[in-house]
Amino acid sequence: MTMTLRKTLVRACAAAAAALTLAGCSIEPWVKPYERDRLADPIMSFDRDPVSSAYTGHVYEAREGARGATGAAGGGCGCN
Amino acid sequence: MKRHFLIVLLSLAAARVVHAGVLPEDRADVLLHSYDGGGVTIQGPSLLVRKQFAQKFSVSANHYVDRVSSASIDVVTTASPYEEERTQHSVGLDYLHDRWMMNIGFTNSEENDYSADTFSFGISQDIFGDLTTVSLGYSLGNDTVGRRGDTTFSEETERQHYRLGVSQILTKNLMLGLSFETITDEGFLNNPYRQIRYLDTTTPQGYSYEREVYPRTRSSDAGSIRMRYYMPYRAALHAEYRQYGDTWDISADTFEIGYTHPIALGWTFEGNFRSYSQTKADFYSDLFPRSQYQNFMGRDKELSTFASQTIRLGASYDIVRSGWKFVERGTLNVYLDHMMFEYEDFRDLRVTGVAPGTEPFYSFDANVLQFFVSFWF
């Protein structure tokens, strides 16, 4: 499974690089900025209180063998 | 001695690269935390302050303390109860340029038998009409491991984290987050106090102890997917799944679901359920057949086969809603987590008078309390 995940990671990095390359291209957003008021609500944040999520992650990591991929992976809703 | 917090530090340092295009909010948090379970109590404060300046930068600083009093199953069966304190300081700087965000950070952690320094770097960008945020992160940690009562013992550990995150707006009500992280460790990866047990017919109880020996390298991969959905009324439903695997042959699955519901008068309530399960490391055994049975031997219960469930209840109250002097808003928050651990090949050696290897499996519950106040300014 580790190798499978590693391949997935490599592919994801390649996809991210491709996405960044394409960033200059103009893509029409299917959710308009003025339609993002709900996504901008604090209750929709992946990491509403960083001081609390850091502590909670610490508690889990100290007692479990697994690690990583627990942080707030993005959450940028483009609401600015 | 605990080194697992470093993993969290590294993960969070890498995870800081979020919200490209928008600097983090100015805010201050004061948190008091308490963990009580399995004979261990850990308490202390955490203070986090973040402030923007020059319209393009944001600095953050964190002071965190763990005061540990431990009489855990490992301690009462092979050592003596102890108390210790760990102090951690972190600083970070974010730089915003157009839709790019860059972050650097440094963290130092000190306790009487462990010292750790962590550097982190991250970059993220909003793309596709700001519907997508892509983030990349790297962290490097260097630890110095000591052992109380043994001034000649000193070992080093190096950790590197590589992280990729993507957040995606799918609809007006639905957000998706993907995260992948590879971690490599090299050096002394043992807990220097814990021991394995092996069959020894020359002792009254039928077994003896000797020091653990871990491999000096470890590499792990983890991938997670999370979703957050805005309900037809003002509330949020979220779910997350994570898969994990490493070169020690541990594999793990984590599933989480939760619900956040604000109501009138400034209250927000939250409920959460988390389920975790893992398989054991290939060099783990509760009872080895003899001393020096194999090159690598471990009996950390964190490396055994087990499952845990956590139930969370939380509440927040807006104490400042329409501003007061320089404070824009403020909240009071309390979270209570009840955790239940059940081990499938780690036995409770407090039970005596039975044949070695027939003791009941160990289990314990823990309560984790967080109380914190937050101000935005």
Among the acidic types (Asp, Glu) and surrounded by 19 or more Cβ atoms within 10 Å (Cβ to Cβ): does that describe B:Asp98? no
Residues located in the stretch B:226-239, provided they are assigned to a strand (DSSP E or B) and more than 9 Å from chain A (Cβ to nearest Cβ): B:Met227, B:Leu237, B:Ala239
Can you tell me which residue within the stretch B:241-269, out of those that are surrounded by fewer than 21 Cβ atoms within 10 Å (Cβ to Cβ) and of a type in the set (Asp, Glu), is nearest to B:Met175 (Cα to Cα)? B:Glu256
Filtered residues of the stretch B:279-299 (kept if farther than 17 Å from B:Arg218 by Cβ and part of a strand (DSSP E or B)): B:Phe288
Scan the stretch B:307-317 and tell me whether some residue there is within 10 Å of chain A (Cβ to nearest Cβ) and within 30 Å of B:Asp249 (Cβ to Cβ). yes
Which condition does B:Tyr138 not pass, out of (1) among the hydroxyl-bearing types (Ser, Thr, Tyr); (2) surrounded by fewer than 23 Cβ atoms within 10 Å (Cβ to Cβ); (3) at pLDDT below 95; (4) more than 23 Å from B:Met297 (Cβ to Cβ), if it passes all the others? (3)
Out of all the residues in the stretch B:355-364, is one or more in contact (Cβ under 8 Å) with a residue 40 or more places away in the chain and assigned to a strand (DSSP E or B)? yes
Within the stretch B:152-164, is even one residue more than 7 Å from chain A (Cβ to nearest Cβ), aliphatic (A, V, I, L, M), farther than 21 Å from B:Asn191 by Cβ and free of Cβ contacts under 8 Å to residues at least 60 places away in the same chain? no
Kindly indicate whether any position in the stretch B:191-207 is within 12 Å of another protein chain (Cβ to nearest Cβ) and of a type in the set (S, T, N, Q). yes
Please work out which one of (1) surrounded by 18 or more Cβ atoms within 10 Å (Cβ to Cβ); (2) free of Cβ contacts under 8 Å to residues at least 60 places away in the same chain is the condition B:Lys325 fails and give its number. (1)
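Where residues in the stretch B:257-288 are of a type in the set (Asp, Glu) and more than 10 Å from chain A (Cβ to nearest Cβ), which of them is nearest to the chain's Cα centre (by Cα)?
Only one residue tops the list, namely B:Asp282.
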Residue check, B:Thr184 surrounded by fewer than 16 Cβ atoms within 10 Å (Cβ to Cβ), within 14 Å of another protein chain (Cβ to nearest Cβ) and modelled with pLDDT of 95 or more: yes
Pick from the stretch B:127-147, criterion more than 14 Å from B:Thr184 (Cα to Cα) and among the charged types (D, E, K, R), ranking: farthest from the other protein chains (Cβ to nearest Cβ): B:Arg147
Filter the stretch A:24-78 down to the residues that are touching a strand residue (DSSP E or B) at 6+ places or on another chain (Cβ under 6 Å), at pLDDT below 90 and within 24 Å of B:Tyr64 (Cβ to Cβ), then identify the one that is farthest from the other protein chains (Cβ to nearest Cβ). A:Gly75
Among the numbered conditions (1) closer than 30 Å to A:Val31 by Cα; (2) loosely packed, with under 15 Cβ neighbours inside 10 Å, tell me where B:Ala61 comes up short. (1)
Hey, B:Ser109 small (Gly, Ala, Ser), in a strand (DSSP E or B) and under 22 Å from the mean Cα position of the chain (by Cα) or not: yes
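The values are calculated or read from the model by the stated rules, or taken from the named source; none is laboratory data. Please read these numbers as outputs of a predicted model, since none were measured by experiment. We place every Cβ from the backbone using ideal geometry, glycine too, and count neighbours over all the protein chains shown.
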